[in-house]
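The values are calculated or read from the model by the stated rules, or taken from the named source; none is laboratory data. Computed from a prediction, not measured in an experiment: that's the story for all the values here. So basically every Cβ, Gly included, is an ideal-geometry build from the backbone, and we count neighbours across all protein chains shown. The accessibility values were calculated without ligands, DNA or RNA, using every heavy atom of the protein model including side chains. Shrake-Rupley method; radii C 1.70, N 1.55, O 1.52, S 1.80 Å.
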Amino acid sequence: MSIAILFELQHEVRRLFIAGSGMAAGDLRLQKILPQLNKLGESAPVFKRIAQSVGLVLESGTSNSAEKLLELGTLLNSVLYTQGKTESQDELTSVVAVDTARTPPTTIPYRKVYPLIEALTQKGQGRMEQLRRGHEEQLYHDLRVIPAAVAALEDSYAEIPDFLQNMVIPALGAAALPALKQQFKLDGGKGDARRLELLHRLQPAADLELLLQAAKDGSTEVRSMAIELMSDFPEQADFILEQADDKKKEIRRAALFALSRLGTEEAIARLYKALNSKDQDIAIEPIQLCEANELTRSIIDHAAVMINHINHRTNVVESAQQLMAYLRSLHGKRMPEVASLLEQMLSTPGFIVPETEALQEAAANLLLELDLPEANHFAVSLHKAYNRKFISYSFRAALRILPPEDVYERYCHELQDKKSSAAKDVLRVLFEVTPSLPAQLYANDAVVSSELSQWDPRWMNHFIQLDQEELVCRFAQDTDPKVTAYLVKKCENHQKFSHSQTSHSLLILFRQNAPEAPQLLMNLLEKGGNKQFYYLDRIELLLITLLPKSYAERLRQFAEGLSYQGMKSQLLDIADTIAAKPELDPEKEMRASSNYGEKGQGLWGWIKSKMS
């Protein structure tokens with residue numbers, strides 16, 4: 001017996017319950033369903049009874065329409081309830097779970113865990129937020145969630161399995177083991193490799209037999225993971241060494257990672273061999289992770305041979321390529337021997353040739369990365385070497401180890417000709433190492449002040465002379481007439497208020513309580529016309545709110561002429577806020593507007609309080 005027509009009728013009855021029973025008489029949708037019910041009623045009495053009830057509803061008057069509609073709804077629901085099914089069409093399987101005596105009881109309502117299960121089992125956007133919330137609320141400990149979490153290790157969105165593998169499932173501990181064992185497949189993909197890693201991590205005793213089976217009979221992904229995990233078993237070193245010669249690159253790579261953790265004499269020899277073979281690209285990362293100093297020294301010794309080849313113009317290109325691989329493998333090796341190698345490279349004129357340009361940059365970067373006293377001192381000594389080729393690295397190292405006044409005395413003269421490559425390099429470093437104004441707004445005031453106080457105050461004059469407006473804004477901490485005069489002039493020449501540099505300069509002027517600041521701001525707004533912007537960022541909006549009360553009417557007139565309605569409404573609201581400020585004389589009004597009189601509260605703390 002088909003009940004599809006009954007569900008359709010139920011939908012229409014609900015519609016009439018909402019619309020009102022008075023709408024039921026002569027309803028066109030019920031009239032369309034009635035002939036089908038009459039036809040079904042010829043073979044099934046229940047349909048005949050429902051058809052009669054529908055007919056009564058269609059013919060009912062206003063006085064008894066509610067009664068007839070309620071009778072139809074009651075009859076219809078009674079019939080539908082008898083048609084429900086409780087058995088499952090799927091094959092029944094046993095549920096494998098941990099010892100319930102050790103597991104917290106499942107007391108969380110299903111309606112609360114259902115969104116999490118759906119996020120784990122379905123596709124779509126916004127799931128990551130749901131997964132993180134579930135972790136915070138400890139919903140994964142529910143036995144109904146664990147299988148879904150383990151299954152989601154195969155999710156195509158990489159962030160989800162990474163989150164589950166690194167954060168969620170390890171927190172479950174032994175409770176996740178049954179699901180991991182049940183879902184693990186030797187011939188599976190990345191998800192099964194993750195399950196194998198979690199099984200190895202969470203089991204009380206490592207299962208060497210399982211790892212050996214996975215390493216021999218598993219898929220490429222599972223074999224690779226098993227081989228890496230076997231580094232926990234030094235007695236399997238021979239087996240791992242065999243895998244380092246496997247035909248598949250993925251297997252060889254996994255074996256090299258395992259050897260890097262073993263650190264035995266044979267493992268070191270095999271890693272060094274890989275670095276000088278076709279597997280060079282997959283050997284670099286395992287070597288970086290290897291803590292054996294013997295391997296590092298072997299690489300340094302061979303690198304010195306390559307440097308000599310370059311100095312004597314022997315196989316320069318090939319030697320440079322090999323030396324680049326050696327330098328990459330030395331990342332993270334904070335050893336004096338590495339610093340000595342880099343000093344040998346960068347202090348030898350024969351090495352500074354066009355063929356080694358990339359090598360020179362790599363060596364200088366590694367020198368700074370070491371952050372050893374001897375490395376930093378040597379980097380500083382490169383200040384004027386090779387026509388100031390490495391001045392940017394020298395400048396960075398000097399900032400680490402020299403007093404602020406010494407840094408200034410050593411490098412300030414490099415900015416005299418701002419078109420020179422040395423000046424450009426120094427300026428680039430200045431922009432990279434100092435916090436921008438947006439960054440300062442969201443940083444701790446004390447931290448920002450501490451960072452900027454480490455600079456010699458004489459830098460500011462250089463920035464003004466070089467017309468480096470952004471650097472002037474970054475370094476401007478205290479009121480300085482020279483800075484104020486410079487920024488006032490810059491703002492007078494700016495054409496657009498919405499330009500980031502303009503808003504930064506105005507922000508500093510308001511900070512310094514410059515009396516010209518409000519006038520400059522309004523001039524820039526009016527100069528741009530009625531279509532100059534359709535959006536203002538937080539800094540620009542904040543600047544407008546700093547306008548004194550006397551500018552409220554002028555701002556309102558400007559806002560009335562804007563073309564974009566949203567911007568117009570926003571500025572009119574700000575104008576009303578400004579107009580509500582207390583009446584003060586212009587000087588006090590300006591100081592109150594910027595609110596810098598409070599002791600201990602800087603610009604950035606005040607702005608952040610306004611933005612919150």
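Assorted remarks:
- Distance between segment 196-257 and segment 491-561 - C-alpha centres, whole angstrom: 65
- Net dipole in debye of segment 439-520 [+1 Lys, Arg Cβ; -1 Asp, Glu Cβ; about Cα centre; nearest 20]: 160
- Three-way shape label, the chain, alpha-carbon gyration tensor, a/c 1.5: oblate
- Summed side-chain charge close to residue 473 - residues other than residue 473 whose Cβ falls under 13 Å, Lys, Arg +1, Asp, Glu -1: -1
- In a fully extended conformation the segment linking residue 59 and residue 453 would gain 132.9 nm over its present Cα-Cα distance, using 0.36 nm per residue.
- Fully extending the segment from residue 83 to residue 560 would add 165.1 nm, taking 0.36 nm per residue of separation and subtracting the current Cα-Cα distance.
- In the full protein context, segment 192-273 carries 47 Å² of accessible surface per residue, based on a 1.4 Å probe and ignoring ligands, DNA and RNA.
- Positive-end residue of 308, 387, 107, charge dipole of the chain with Cβ unit charges: 107
- For segment 355-461, with +1 on Lys and Arg beta carbons and -1 on Asp and Glu, the positive-most of 430, 440, 413 along the dipole: 413
- Over 21 Å between alpha carbons, listed pairs 389/418; 216/248; 384/419; 419/482: 419/482
- Ordering of 561-570, 192-201, 161-170, 231-240 by packing [mean C-beta count within 10 Å, highest first]: 192-201, 161-170, 231-240, 561-570
- Working note: 222 nm ellipticity from helices only, DSSP H runs with n ≥ 4, each -39,500 (n - 2.57), summed and divided by the residues of the chain, gives -19500 deg cm²/dmol to the nearest 500.
- For residue 309, the shell of other residues with beta-carbons less than 12 Å away shows a net charge of -1, using +1 for Lys and Arg and -1 for Asp and Glu.
- Paramagnetic label zone (point 7 Å from Cα along Cα-to-C-beta, residue 15; backbone N under 14 Å) in segment 34-59: 34
- Relative contact order computed over the chain (Cα-Cα under 8 Å; 6+ residues apart), in percent: 5
- Electrostatic dipole magnitude of segment 401-555 [Cβ: Lys, Arg +1; Asp, Glu -1; Cα centre; debye, to 20]: 600
- Taking each residue as 0.36 nm, the span from residue 297 to residue 213 lengthens on full extension beyond its C-alpha to C-alpha distance by 26.6 nm.
- Think of the chain as having a plus end and a minus end, set by charges on the Cβ of Lys, Arg, Asp and Glu; of 18, 82, 373, 18 sits farthest toward the positive end of this dipole.
- Peptides 51-60, 219-228 ranked from most to least packed, by the mean per-residue count of other Cβ atoms within 10 Å: 219-228, 51-60.
- Modelled label reach - residue 581, point 7 Å along Cα→Cβ, segment 484-516 residues with backbone N closer than 16 Å: 506-516
- Theoretical FRET efficiency, 1/(1+(r/R0)^6), r = Cβ-Cβ of residue 269 and residue 107, R0 56 Å, to 0.05: 0.45
- Packing-based order for 285-298, 255-268, using average beta carbon neighbours within 10 Å, highest first: 255-268, 285-298
- Rounded, prolate or oblate (a/c below 1.5 giving rounded, otherwise prolate when a/b exceeds b/c) for segment 277-365 by Cα gyration tensor: prolate
- Approximate spin-label separation residue 7-residue 203, in nm, with each point projected 7 Å along Cα-to-Cβ: 4.7
- Rounded to the nearest 20, the size of the Cβ-charge dipole of the chain about its Cα centre is 1660 debye, with Lys and Arg at +1 and Asp and Glu at -1.
- Rounded, prolate or oblate (a/c below 1.5 giving rounded, otherwise prolate when a/b exceeds b/c) for segment 6-78 by Cα gyration tensor: prolate
- Percent carbon-and-sulfur accessible area, the chain, ignoring ligands, DNA and RNA, probe 1.4 Å: 50
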